[in-house]
1. Would a scan of region 151-167 turn up a residue that is within 16 Å of residue 210 (Cα to Cα) and of a type in the set (Ser, Thr, Tyr)?
2. So, in region 74-112, exactly how many residues are farther than 14 Å from residue 59 by Cβ and β-branched (Val, Ile, Thr)?
3. Say we look at region 119-128 and pick out the residues that are within 24 Å of residue 186 (Cβ to Cβ) and part of a loop (DSSP other than H, G, I, E, B); which of these is modelled with the lowest pLDDT?
4. Can you tell me how many residues within region 167-208 are part of a loop (DSSP other than H, G, I, E, B) and open to solvent by 20 Å² or more (accessible area, probe 1.4 Å)?
5. Filter region 31-85 down to the residues that are within 14 Å of the chain's Cα centre (by Cα) and among the β-branched types (Val, Ile, Thr), then identify the one that is most open to solvent (accessible area, probe 1.4 Å).
6. Can you name the residue in region 223-256 that is surrounded by 21 or more Cβ atoms within 10 Å (Cβ to Cβ) and of a type in the set (Gly, Ala, Ser) and is also nearest to residue 211 (Cα to Cα) among such residues?
7. Restricting the search to region 104-120, which residues are touching a strand residue (DSSP E or B) at 6+ places or on another chain (Cβ under 7 Å) and under 18 Å from residue 131 (Cβ atoms)?
8. Report, by residue number, each residue of region 148-166 that is open to solvent by less than 10 Å² (accessible area, probe 1.4 Å) and either closer than 13 Å to residue 120 by Cα or polar (S, T, N, Q) (or both).
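The values are calculated or read from the model by the stated rules, or taken from the named source; none is laboratory data. On a predicted model such as this, the values are computed, not experimentally measured, just so you know. Cβ: placed from backbone, ideal geometry, glycine included. Neighbour counts: every protein chain shown. Heads up: the accessible areas ignore ligands, DNA and RNA and are worked out on the full protein's heavy atoms, side chains in. Shrake-Rupley method; radii C 1.70, N 1.55, O 1.52, S 1.80 Å.
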Amino acid sequence: MVMGILNATPDSFAETRSNADPKQAVETALQMEAAGADLIDIGGESTRPGADPVPAAEELARVLPIVRALAGKLRAAISIDTSKAEVARAALDAGAAMVNDVSGLQRDPALARVVAERGAGLVLMHTRGTSKAMYEEAVYQDVIAEVAAELRSSIGIATAAGVAIDRIIVDPGVGFAKRPPHSYGVLARLPELAAALDRPVLVGPSRKSFLRDAAGGRPPAERDWGTAAAVTAAVLGGAHIVRVHAVAEMVQVVRAAEEIRKQG
């Protein structure tokens, strides 16, 4: 499945056009769906390295009008990209079907109870530390073994709060608290992670900084060719969902990679 990224923030690292205006965001989401997106992931707080945290009230003001406007218009499922229980609760009540928590329940464990009560889907992403300090934590002896162990801990928090195991998706957190060799290593060894956790896997490599050197130092908005390679590797490695900015282009990449995987 292809998840389209809809950042309702004024400071997205990877987009040339802001979706902070709800009307523009709704138009973008509908375009993504028409291009083949299966899910739309709406976020109101930047999670890029170095980003400042956003109060829940401000995050809600950014995302709720968009979720409400899209709930009756989209066939694609709506995902809310948040680590806050308060934001997740309001978005799920407004029509979202799943929560994408980049902290893996490390920042607000109460989020798990909200997901359990609403019967929603839950993406648990691996990271370490805060947005401002995540690279200080990027030290691994075996990146797959450690990512799997830390995600297993997040799964434990979720299930203890009542989230059904079949509602949980894991994300190895490419680019989060990982140096480029770690991110490439995760992509190369994705089948090991999937086997270790026995959960569907989401991978979000789109336009991230680990692709910078491969893209000749180009800015994020010009890294779609590198993203295409990473998406292909993710699909061939067994990913179930890829999270991308350029939906129309990456749908083609995913479908071709999917056919190759079938023949294997």
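1. No, because not a single residue in region 151-167 is within 16 Å of residue 210 (Cα to Cα) and of a type in the set (Ser, Thr, Tyr).
2. Number satisfying all stated conditions: 1.
3. That would be 128.
4. So the count comes out to 8.
5. Here the residue is 47.
6. Within region 223-256, the match that is nearest to residue 211 (Cα to Cα) is 226.
7. Looking only at region 104-120, we keep the residues that are touching a strand residue (DSSP E or B) at 6+ places or on another chain (Cβ under 7 Å), and these are 104-105, 111, 115, 120.
Passing the criteria: 104, 105, 111.
8. First, pick out the residues of region 148-166 that are open to solvent by less than 10 Å² (accessible area, probe 1.4 Å): 148, 151, 154, 158, 163.
The answer is 154, 158, 163.
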